[in-house]
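Each reported figure results from applying straightforward, stated rules to the coordinates on display, with no laboratory input. In this text the structure is predicted, and so the values were computed from the model without any measurement. No Cβ is skipped: glycine too gets one built from the backbone with ideal geometry, and neighbour counts run over all protein chains shown.
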Amino acid sequence: MAIKDRMSGNEAVSYAIRQINPDVMPAFPITPSTEIPQMVSTYIANGEMDTEFIPVESEHSSMSAAIGAQAAGARSLTATSSAGLALMWEELLLAASNRMPLAMALVNRTLSGPININCDHSDGMGARDTGWIQIYAENNQEAYDNFIQAYPIAEHENVHLPIMICQDGFITSHAVENIKLLEDHVVKEFVGEYRPEEYLLNPGKPIAVGPYSVTNYAMEAKKNQEIALENSKAVILEVAKRFERISGRSYGLFEEYKTEDADYIMLLIGSAAGTAKQAVHNMRKEGKKVGVIKLRVFRPFPAKELAEALRNCKAVAIMDRCESYNGNGGPLGSEVTAGLFRHKVSIEAVNYIYGLAGRDFTVEDVYDIFEELSDAVENGKEVEQYQYVGLRK
């Protein structure tokens, strides 16, 4: 039976960690993820879980310790944000290339400079090519649900890759919402115990770990890693079906909201999806055919699935909460337009940059964007293909 409560996103993720009770958690504090290791260490101190908590001297060390624990056959995790993730950069690639199914709670925050502690996706998007699975949440409920699904995805025999469970800093991490929790025994049964068939530091089966890889082998290793990431798509969907049976809540690679007959669709990630949905709800009452696609899984990127979902609309607004500094748009804009081209879907696609460093994104902004898309399609108005929303003049 569901347990009704009120929690912030950080509280919800910490509660999920308590229920899973992983073996090892190294962590170093950084706003706005600091509450997660703080709350987990409190659970441990109170005897509510027996996870080994390791206070370390930096985020680089926290990922190093998580990798070491995972290599020894333990289920491990950490939490971080922003520059903390950037400091882990080297270790992120090691975790993925060594096929370690550890988990990370990433509370998204802008990367410097200038120094800012508010939300955008520059940290997660900066790590998009490190080989990690990335799943994003719109709200506190999803942050909780996603973390419970994390280990069954990452540890699956066809995957064995690390996973980031991402939520928007302060917007979801600190805001309190109503939430439905699962009972402890239900979560424990769903996630199960970690009993790896193989792990790197197995004393009964000594192997060389991290040796120099000559040309004859390195490329094949990277291809196998890519295959595992592609395999994770099916596993993510299969785990979501199992999760729906115990929770009643349904998840996929992305969520479609009123897109069945939509002429104009907004595609975005994270908490801003709630703003877009409200605007679409209002516009539908006025008879306007608009919809929202909220991308949940950014890695592996569901290019084919998104192309099919967008095939019958007239135009899409692709919303990036991150700047790629390529002069052509954001990371989501690049991925989506490439997917549309490769799958021969020819629609108007405009890339918008919004919400950087916590800049407000409003229902009125959504109205304006849909109006601009409509004007472009119906009246042939030329639209700037890459533009900022809410930029001060």
ask   = Let a ≥ b ≥ c be the square roots of the eigenvalues of the Cα gyration tensor of segment 257-393; is it rounded (a/c under 1.5), or, if not, prolate (a/b larger than b/c) or oblate?
value = rounded
ask   = Tell me, what is a quarter of the convex hull surface for the C-alpha atoms of segment 314-393, in nm² with one decimal?
value = 5.7 nm²
query = Under the classification rounded if a/c is under 1.5, otherwise prolate if a/b is larger than b/c and oblate if not, where does segment 7-61 fall, given a ≥ b ≥ c as square roots of the Cα gyration tensor eigenvalues?
reply = oblate
Computed [θ] at 222 nm, deg cm²/dmol, the chain (DSSP H ≥ 4; -39,500 (n - 2.57); rounded to nearest 500) = -13000 deg cm²/dmol
task = Taking the Cα centre of the chain as origin, sum charge times position over the Cβ atoms of Lys and Arg (+1) and Asp and Glu (-1), and report the length of that vector in debye to the nearest 20.
result = 460 debye
query = In whole angstrom, how far apart do the alpha carbon centroids of segment 227-303 and segment 343-393 sit?
reply = 19 Å
remark   = The distance between the Cα centres of segment 4-71 and segment 113-168, in whole Å, is 15 Å
ask   = How big is the antiparallel share of DSSP beta bridges in the chain, given as a percent to the nearest 5?
value = 25 percent
query = Distance in nm between label sites at Q38 and R342, each 7 Å beyond Cα in the beta-carbon direction?
reply = 4.3 nm
query = In nm, to one decimal, how far is the A175 label point from the R249 one, both placed 7 Å along Cα→Cβ?
reply = 1.6 nm
query = Tell me, what is the Rg over Rh of segment 229-290, with Rh the Kirkwood radius over Cα pairs?
reply = 1.08
task = Could you compute the FRET efficiency for E48 and V186, with r as their C-beta to C-beta distance and R0 at 22 Å, rounded to 0.05?
result = 0.85
key: Listed residue (F28, I115, G68) projecting farthest to the positive dipole end of segment 3-247, Cβ model   = G68
message = What distance in nm lies between label points placed 7 Å from Cα along the C-beta direction at Y199 and N116?
response = 4.1 nm
task = With the Cα gyration tensor of the chain in hand, convert its eigenvalues to equivalent ellipsoid semi-axes via √(5λ) and list them largest first in whole Å.
result = 35, 23, 20
task = Pick out, from F361, L229, P331, the residue whose Cα sits farthest towards the positive end of the charge dipole of the chain, with +1 on the Cβ of Lys and Arg and -1 on the Cβ of Asp and Glu.
result = L229
remark   = With R₀ set to 22 angstrom, the calculated FRET efficiency between the beta-carbons of Y212 and A72, to the nearest 0.05, is 0.45
